[in-house]
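Student: So that we are looking at the same thing, I have put the structure below in C-alpha cells.
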Amino acid sequence: MIDLDRIRQAAARNQDVALVTPLLHSRFLSDVTGADVWLKAENLQRTGSFKVRGAANRVQLLTAEERVRGVIAASAGNHAQGVAVAAQALGVPCTICMPIDASLTKVEATRGYGARIELGGAAFDDALARAREICADEGSVFISPFDDEDVIAGQGTLGLEVLEQLADPDLVIVPCGGGGLISGTAIAIHEQRPATRIVGVQAEACAPFVASLAAGAVTAATSAGTIADGIAVKRPGEITFPLVQQYVEQMLTVDDEQIAAAMTLLVERQKLVVEGSGAAGVAALMSGQLGDVAGKRVVIVLSGGNIDLLLLQGIMRHGLTSAGRYMRFTTRMADRPGSLREFLDVLTAERVNIVDMFHHRDGTDLGVKDTAVDITVETKDHAHGEHVLERIRSSGYPAERMSLN
C-alpha cells in the first residue's frame, strides 16, 4: 500500500540523491489565463527529469544479494538516467534497454552514468520486452519505470514538495505516461489537501489512460508516435491504473502541434528548456480544455528537460512558424542587375529580416527574362506576415506564401 508515510520515507531516503526543485511563478501564463500559474521545474532536477525520484528510492531498497545481481530497466531515456545514477552511487551493475531511436542526448547521458546500453525496438514497449528477456537470462533485478510501489512512492515526493512550496493549490496538472508520477503525486497531495484537483495529460497519439478510464479496464494504445516520447507508453500499469481511477479527476490529451507551441512558449517566455512530455501540462492549460481557471491557483509539472538539440531546433522553428514568426514566400522579378536590390528595399521598409533566400530561373511559369526567388523571413505574427505580402504585391511583385515543411 502506498500512503503518505511511505512517500515521506522515500523523501528522507532520497534527500542526498534528488533535488528539491523550484516552483516558479509564471506571470505570462497567469496574465493569459487569468489564473495564478506556477511551474514545478523538474527539468532542473538531477538527470533532467523527475524519474530520479522513483528510481533512487527503489534502488536504495535493494538487498545486499540483489545489489550483487545488478539492475536492469527499460526506458525512452529519463528513467534510464535515474536508475543509472542511483546504481552508480551504490556501485550496482546496471543495464538499460532503450528504443533504437531514443534521443541521442538521453542515450549518451545514460552511458555516461556507467550503464550498459541495449538499443532495440521501435518504442518503449519493445525495449520493455527486451529488458524482461535479459532479466530472465541474467538474473538482474528489474526496475519498473512506473508500475512499482517503491517507484511510485519516490515519484510522490514531488507532491510533498508542491504543498510545501504552495500550501493551497486548486489544480495540479501532471503529464502522464505509465502513471507513476501522477499516482504518487496525487496520493501525496490528496491525503493532505483533498480539495485540490489532479488532472493528467497524455499525448493524443498515445493516450491509453483515456481509453482505459472510459472502458473501466486497462486498454493498450495502438501507436506511440509523438514528440512527447517520455509519456509515449502504450499500456497503463496494473498498479497505477486503479490509483489513477481513484485519485485523478480528469485525463486530457494534447496533440504535437500544441506541445510544440508550449515548448516554444516555455523557451521564449520562461527561459526554460522542456522536452515534449514536460510541456504537455502547459499545452493542456493553453488548449482551453480545463474550462474557466480564472482566479485559481494552478500548478503545472514540467516533468523533464532532456531533449536532443537537433530535435529542439526543429521544434522551435516549427513552433515559431505556427505562431507566424517565420514566413516563406515566393515571388518573381525581372532578371536584370539591380532588380533584387529594388525588391529588398520593399522588405527593408517593412523592417523584415531575411533568414534565407533561393534564386531559380527554371520553370514553365517563368518568362524568358524573369527569375523566381523563394525567401524565408522573420515576422512579428500572422497579421504582420499578411501585411508584408500585401505590401510586396502593391509594389508590383506577385507573392505567394509557401510551406516551411
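Laboratory data are not the source of any read-out in this text; all were calculated from the coordinates shown. Note that the structure is a prediction, hence the values are computed from the model and not measured. No Cβ is skipped: glycine too gets one built from the backbone with ideal geometry, and neighbour counts run over all protein chains shown.
Student: Taking other Cβ within 10 Å of each residue's Cβ, how do THR330, THR240 sort, fewest first?
Tutor: In increasing order of surrounding Cβ atoms, one gets THR330, THR240.
Student: Name the residue, out of PRO99, PRO194, PRO169, whose mean-square fluctuation peaks in a Gaussian network model built on the chain with Cα pairs under 10 Å.
Tutor: Of PRO99, PRO194, PRO169, the most mobile in the Gaussian network model is PRO194.
Student: Give me, ordered by chain and number, the residues 5 or more places off ALA35 or on other chains with an amide H under 5 Å from its own placed amide H.
Tutor: GLY295
Student: Then there's this: Tell me, what ³J(HN,Hα) does each residue in segment 137-152 have, in order and in whole Hz, if you take phi through Karplus 6.51 cos²θ - 1.76 cosθ + 1.60 with θ = phi - 60° and put x for Gly and Pro?
Tutor: Values per residue, Gly and Pro as x: 6, 9, x, 5, 8, 7, 10, 5, x, 7, 9, 8, 4, 5, 5, 4 Hz.
Student: Report, in debye and to the nearest 20, how large the dipole of the chain comes out about its Cα centre when Lys and Arg carry +1 and Asp and Glu carry -1 on their Cβ.
Tutor: The dipole magnitude comes to about 640 debye.
Student: Counting other Cβ atoms within 10 Å, which GluC sites (Glu not before Pro) in segment 313-405 have at most 14 and lie in a DSSP loop?
Tutor: Taking segment 313-405 and a limit of 14 other Cβ atoms within 10 Å, the loop GluC sites (Glu not before Pro) found are GLU350.
Student: For the chain, with a Gaussian network of springs between Cα atoms less than 10 Å apart, report the residue from ALA279, ALA122, ALA18 with the top mean-square fluctuation.
Tutor: The residue with the greatest mean-square fluctuation here is ALA122.
Student: Continuing with this model, one more query. With θ set to phi - 60°, apply the Karplus curve 6.51 cos²θ - 1.76 cosθ + 1.60 along segment 223-233 and write out the HN-Hα couplings as whole Hz, x wherever there is a Gly or Pro.
Tutor: With the stated coefficients, segment 223-233 comes to 9, 9, x, 8, 6, 8, 5, x, 10, 8, 10 Hz.
Student: Okay, next question. Pop out the ³J(HN,Hα) list for segment 187-196 in order, Karplus 6.51 cos²θ - 1.76 cosθ + 1.60 with θ = phi - 60°, rounded to Hz; leave Gly and Pro as x.
Tutor: Each residue of segment 187-196 in turn: 5, 4, 7, 4, 6, 9, 9, x, 6, 6 Hz.
Student: What size of dipole, in debye to the nearest 20, comes out for segment 74-197 about its Cα centre when the only charges are +1 on Lys and Arg C-beta atoms and -1 on Asp and Glu C-beta atoms?
Tutor: 240 debye
Student: Using modelled amide H (1.01 Å from N, peptide plane; none on Pro or chain starts), what sits under 5 Å from the amide H of GLY304, excluding residues fewer than 5 places away?
Tutor: Answer set, sorted by chain and number: ASN43, GLU275, GLY278.
Student: So who's got an amide H within less than 5 Å of the one on MET251, skipping anything under 5 residues away but keeping other chains? H placed 1.01 Å off N, in plane.
Tutor: Correct list: GLY200.
Student: Something else now. Can you compute the charge dipole magnitude of segment 188-265 about its Cα centre, using +1 on each Lys and Arg Cβ and -1 on each Asp and Glu Cβ, nothing else charged? Give it in debye, rounded to the nearest 20.
Tutor: Here the size comes out at about 240 debye.
Student: For segment 177-258, which GluC sites (Glu not before Pro) are both in a DSSP coil and crowded by at most 10 other Cβ atoms within 10 Å?
Tutor: GLU238
Student: What ranking of ARG325, ARG67, ARG393 emerges when the number of other C-beta atoms within 10 Å of each C-beta is taken as an exposure proxy, fewest first?
Tutor: So the ranking, lowest neighbour count to highest, is ARG393, ARG67, ARG325.
Student: Could you identify which residue out of HIS318, HIS360, HIS384 has the top mean-square fluctuation in a GNM of the chain using Cα springs shorter than 10 Å?
Tutor: Of HIS318, HIS360, HIS384, the most mobile in the Gaussian network model is HIS360.
Student: Separate question: Return the label of the correct value of volume of the Cα convex hull per residue in Å³, as calculated from the structure shown, out of [x] 120; [y] 210; [z] 160.
Tutor: Recomputing volume of the Cα convex hull per residue in Å³ here gives the entry labelled [z].
Student: Of GLY121, VAL273, PRO208, whose Cα points farthest to the positive end of the dipole of the chain (charges on the beta-carbon: +1 Lys, Arg; -1 Asp, Glu; origin at the Cα centre)?
Tutor: Towards the positive end, the residue furthest out is VAL273.
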